[in-house]
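This report concerns only the one structure given below.
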Amino acid sequence: MLRAGDYGQDLYGEIRRVLAEHRLRVRGKRVVLKPNLIEFEPDSPIHTHPLLVHAAFEAFRALGAEVLIAEGPGHRRNTLDLADAAGYFQTIPHFEDFFIDLNLDRVAQVRFKQPRSRLQSIYLAQASLSCDLLVSMPKMKTHHWAGATLSMKNLFGVVPGGVYGWPKNVLHWAGINECIVDLYHALPKHFAIVDGIVGMEGNGPIQGVAKRAGVVVAGCDLAAVDATCCQIMSIDPRRIEYLKLAAGDVGEILKSLRQIGEPIRNVRTRFELLPVWQGIRLDNPVS
């Protein structure tokens, strides 16, 4: 876990250090960075900040990886216009040369081994399936239907709008929490880098307000990363349904966490919740 006060040039060195601490072996491998680009509104922290994405891009390239950036927004159909409005073209040189629109990518059918949702199979973007490592890079946000949206919920972007339409309602009809878990198990080669420098509280993931947490959370286990992020947000991960479905006993995850860097207690920030989600508030923080 990394404390980061703003989106400054220091992030480039810090992200390299984070990857070194996790000892990722990606030389000669294909790495796909999957940020959160659901929507864009000026001065609203909806999307993953492009400077953090570029820092990760350069850090993985420094380790010898072939790096691509990919996203399949669930709301807007013109992904490149959305990326441009969010500052990706301005921040990441030759962005369009490294970007894949997952909504329009080639697809492959994946059958769920033990489906939690109503779906037995799903079509996924080929780029997410053929890479050696899929890096989920969400924005740290509350969510009006799931409680919190973090690295596991961010996987919804690999479901192609070109097959299922916008806003990918099949994932809602089949059960949001259950689909989060099915995708998590269907895409096992993953890593997470969560943008919590400025997150979103309240009516997330689109209509909430900015919340500065000043942290970047990274890890190889998306469920553990999300459980950590929840604690930072003063949300009880044991009350988040998709984490319970994915991990069974979330308490065991919390006990077995091997944390590197800043302690949770030093970066804990109370994210405001909608009234319907007050029941997930973390009453007894875990250090």
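The values are calculated or read from the model by the stated rules, or taken from the named source; none is laboratory data. Since we're looking at a predicted model, the values are computed, not measured. Every residue, glycine as well, gets a Cβ built from its backbone with ideal geometry; the counts of neighbours run over all protein chains shown. These area figures cover heavy atoms from the full protein model, side chains too; ligands, DNA and RNA do not enter into them. Shrake-Rupley method; radii C 1.70, N 1.55, O 1.52, S 1.80 Å.
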Dipole of region 109-157, Cα-centred, from +1 at each Lys and Arg C-beta and -1 at each Asp and Glu C-beta, to the nearest 20 debye?
220 debye
Based on alpha-carbon centroids, what's the gap between region 5-75 and region 227-278 in Å, whole number please?
23 Å
Hey, if you put +1 on the Cβ of every Lys and Arg and -1 on every Asp and Glu Cβ in the chain, which of Val18, Ser256, Phe191 ends up farthest toward the positive end of that dipole?
Ser256
Working out 0.36 nm times the residue gap between Arg17 and Leu274, then minus their Cα-Cα distance, what length gain in nm do you get to one decimal?
88.9 nm
Return the FRET efficiency for the residue pair Arg106, Glu252: r is the Cβ-Cβ distance, R0 is 35 Å, and the value is rounded to the nearest 0.05.
0.35
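Express the C-alpha Rg of the chain as a ratio against the empirical globular expectation 2.2 N^0.38 Å, rounded to two decimals. Show your work: numbers first, answer last.
Working: Rg = 17.2 Å, N = 287, 2.2 N^0.38 = 18.9 Å.
The reported ratio for this selection is 0.91.
Could you tell me how many cubic angstrom of Cα convex hull volume region 38-171 has per residue? Intermediate results must be reported in sequence, preceding the final value.
Values: hull volume 16.2 nm³, N = 134.
Cα-based convex hull of region 38-171, divided per residue, equals 121 Å³.
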Student exercise, region 110-192 dipole from Lys, Arg, Asp, Glu Cβ charges, in Debye to nearest 20:
100 debye
Under 8 Å for C-alpha pairs, at least 6 residues apart: give me the relative contact order for the chain, rounded to a whole percent.
20 percent
Can you give me the accessible area per residue for the chain, using a 1.4 Å probe, in Å²?
43 Å²
Identify which of Glu241, Glu21, Glu39 has the largest mean-square fluctuation in a Gaussian network model of the chain, with springs joining Cα atoms closer than 10 Å.
Glu21
Per-residue ellipticity at 222 nm attributable to helices in the chain (runs of n ≥ 4 DSSP H, -39500 (n - 2.57) apiece, nearest 500 deg cm²/dmol) works out to -8500 deg cm²/dmol
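Using +1 on the beta carbon of Lys and Arg, -1 on that of Asp and Glu, and nothing else charged, what's the dipole of the chain about the Cα centre, debye to 20?
Numbers: 33 positive and 30 negative charges, 180 e Å.
Around 860 debye, computed over the chain.
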Let's test this: bin the Cα-Cα distances of region 132-287 at 5 Å from zero up to the farthest pair and state each bin's percent.
2, 10, 19, 24, 23, 14, 6, 2, 0
When the accessible area of region 147-287 is split by element with a 1.4 Å probe, what percent falls to carbon and sulfur?
49 percent
With a bin width of 5 angstrom, please list the P(r) values of region 210-287 as percents of all Cα-Cα pairs, from the 0 bin to the one holding the largest distance.
3, 16, 28, 26, 19, 7, 1
Among Asp81, Asp182, Asp97: highest mean-square fluctuation, GNM of the chain, C-alpha pairs under 10 Å:
Asp97
Positive-end residue, the chain charge dipole about Cα centroid, Cβ charges, pick of Pro45, Gln114, Gly28:
Gln114
At 7 Å along Cα-to-Cβ for each site, give me the label-to-label distance between Asn78 and Asp132 in nm.
3.7 nm
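What translational D, rounded to a whole number of µm²/s, comes out for region 124-172 from Stokes-Einstein when the hydrodynamic radius is the Kirkwood one over Cα pairs, at 25 °C and 0.890 mPa s? Intermediate values should be presented prior to the final figure.
On the way: Rh = 12.0 Å.
D, rounded to a whole number, is 205 µm²/s.
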List, largest first, the extents of the alpha carbons of region 1-81 along their principal axes, each in whole Å.
36, 30, 17
Can you tell me which of Val215, Val181, Val26 moves the most in a GNM of the chain? Springs connect C-alpha atoms under 10 Å apart.
Val26
